[in-house]
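Structure first, then comments.
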Amino acid sequence: MKKLKFLSLLLIATMLFVVSCKDDTPPEPPVQVGFKYAPENPIAGDLITFTNSSNGGTTFAWDFGDGNTSTDKNPTHTYTKSGKYTVVLKVDNKDDQTYSKEIEVADALPVFSYTPDPIQVGIGVTFTATIYNPDNAAVEYTWTFDPNNVVSDDLD
């Protein structure tokens, strides 16, 4: 009888021990995914810096929407053509989370210059326009000068 009582108490103690032993580790919070980019209004040819604002995550997969990708946490990228692109960031921390944002890339503005600088009366002036044209498409531009506005003094 003593032995049965002892075994019963031992069994109850073992069951209480097993039931009370549980994993107190809290589950990992879900990954919050997001990013920003600069400059905010990029033009074709600009180097764009993407800043990952995700909390958590162990791997990062970027798709820039133009056929290029990256696995850097904070990548840079250059779009060679203007247009709208959907950038997708996929972050993995046991479960994949994605975030996407549309980015609009504008055409590069033409650059105008002239020589000599400063312009002087009686000396020829050369005007130059530089146009970003990654597709080698036909470009047309017009120079317009007012023939009624003649300056005869040096310009400061």
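The values are calculated or read from the model by the stated rules, or taken from the named source; none is laboratory data. Everything numeric in this text was worked out from a predicted model, so none of it was measured. A quick note on method: Cβ atoms are made from the backbone with ideal geometry, for glycine too, and the neighbour counts reach across all protein chains shown.
Could you check region 51-73 and list, in sequence order, the residues that are in contact (Cβ under 8 Å) with a residue 24 or more places away in the chain and over 30 Å from Ala137 (Cβ atoms)? Selection gives Asn52, Ser54, Asn55, Gly56, Gly57, Thr58, Thr59, Phe60, Ala61.
Okay, residues lined up against (1) within 11 Å of the chain's Cα centre (by Cα); (2) on the phi > 0 side of the Ramachandran plot:
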| residue | (1), (2) |
| --- | --- |
| Gly56 | no, yes |
| Phe60 | no, no |
| Thr71 | no, no |
| Ile103 | yes, no |
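Of all residues in region 74-99, those that are surrounded by 15 or more Cβ atoms within 10 Å (Cβ to Cβ) and without any contact (Cβ under 8 Å) to a residue 24 or more places away in the chain total 1. Within region 107-139, if we keep just the residues that are modelled with pLDDT of 75 or more and of a type in the set (Asp, Glu), the residue that is surrounded by the most Cβ atoms within 10 Å (Cβ to Cβ) turns out to be Asp107. Considering region 50-150, the qualifying strands (runs of 3 or more DSSP E), each wholly inside and each with 2 or more residues that are under 16 Å from Tyr37 (Cα atoms), run over 59-63, 76-78, 83-92, 96-105.
Please verify whether region 90-103 includes one or more residues that are modelled with pLDDT of 75 or more, in contact with an Asp or Glu (Cβ under 9 Å, 6 or more places away or on another chain) and within 24 Å of Ile43 (Cα to Cα). Yes, that holds for at least one residue.
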